[in-house]
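Where a number appears in this text, it was derived from the coordinates with a stated rule and is not lab data. Just so we're clear, the structure is a prediction, and the values are computed from it rather than from any experiment. Glycine also receives a Cβ, built like all others from the backbone with ideal geometry; neighbour counts cover every protein chain displayed.
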Amino acid sequence: MTGNTEEEILDNPTDWVAKHIQGYVETDGRKGGVFYGSPALLLTTRGRRSGKLRRTALYYGQDGDRYLLVASNGGSARHPAWFLNLSADPEVQVQVGAERFTARARAATAQEKPALWQIMTKMFPTYDQYQAKASREIPLVVLERV
């Protein structure tokens, strides 16, 4: 995700998510770093069509020094835009609390996904319900620091 550090970042347009992001950024994650009892991070991807930087807030888990995300989109039939964006350009920016870093994103392999899925559903059991109602295989994303 090369680009000008002054490049505008467009926050998720959903009002409550945008407010969560704003509070997170303003307080270095002291507000919003835990959201309804689960840890949250900020993920910035480059729009696959627009080329613009796009930021959203997501629950995350950890496996060693790797960060885990679930591209559930609430169990929708469609992948979330952030997943489509990182599929096109896997270099992403991540903020966890006050720490900001570049990471490479990838979908978990079929072999590693079951164990990683358990980490995520232990933290947020609703992911199993989302998978049950989705007509697609919900991707689990692994973020590795660059």
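When you look at His20, is it within 15 Å of the chain's Cα centre (by Cα), surrounded by 15 or more Cβ atoms within 10 Å (Cβ to Cβ) and over 20 Å from Met120 (Cα atoms), yes or no?
yes
Within the range 34-41, can one find any residue that is touching a His at 6+ places or on another chain (Cβ under 8 Å) and without any contact (Cβ under 8 Å) to a residue 40 or more places away in the chain?
Yes, some residue in the range 34-41 is touching a His at 6+ places or on another chain (Cβ under 8 Å) and without any contact (Cβ under 8 Å) to a residue 40 or more places away in the chain.
Tally the residues that are touching a helix residue (DSSP H, G or I) at 6+ places or on another chain (Cβ under 7 Å) and in contact (Cβ under 8 Å) with a residue 12 or more places away in the chain, restricting the search to the range 20-32.
Qualifying residue count for the region: 1.
Output yes when any residue across the range 49-71 is in contact with a Ser or Thr (Cβ under 6 Å, 6 or more places away or on another chain), surrounded by fewer than 18 Cβ atoms within 10 Å (Cβ to Cβ) and under 28 Å from Ala134 (Cα atoms), and no when none is.
No.
Pairs only if they're at least six apart or on different chains, beta carbon under 7 angstrom, first in the range 73-85 and touching a residue at least 12 places away in the same chain (Cβ under 8 Å), second surrounded by 14 or more Cβ atoms within 10 Å (Cβ to Cβ) and β-branched (Val, Ile, Thr); list them, first residue then second.
Cβ pairs passing all conditions: Trp82/Thr45; Trp82/Thr56; Phe83/Val141; Asn85/Thr45.
Just to verify a result, which residue in the range 23-48, among those that are hydrophobic (A, V, I, L, M, F, W, C) and farther than 18 Å from Ala103 by Cα, is surrounded by the fewest Cβ atoms within 10 Å (Cβ to Cβ)?
Step by step, filter the range 23-48, then rank; the result is Val34.
Can you find a residue that is within 23 Å of Lys122 (Cβ to Cβ) and of a type in the set (Val, Ile, Thr) anywhere in the range 35-44?
no
Quick test of your reading of the structure: Arg145 fulfils all but one of (1) in contact with a Phe, Trp or Tyr (Cβ under 6 Å, 6 or more places away or on another chain); (2) over 26 Å from Gln22 (Cα atoms); (3) basic (Lys, Arg). Name the failing condition by number.
(2)
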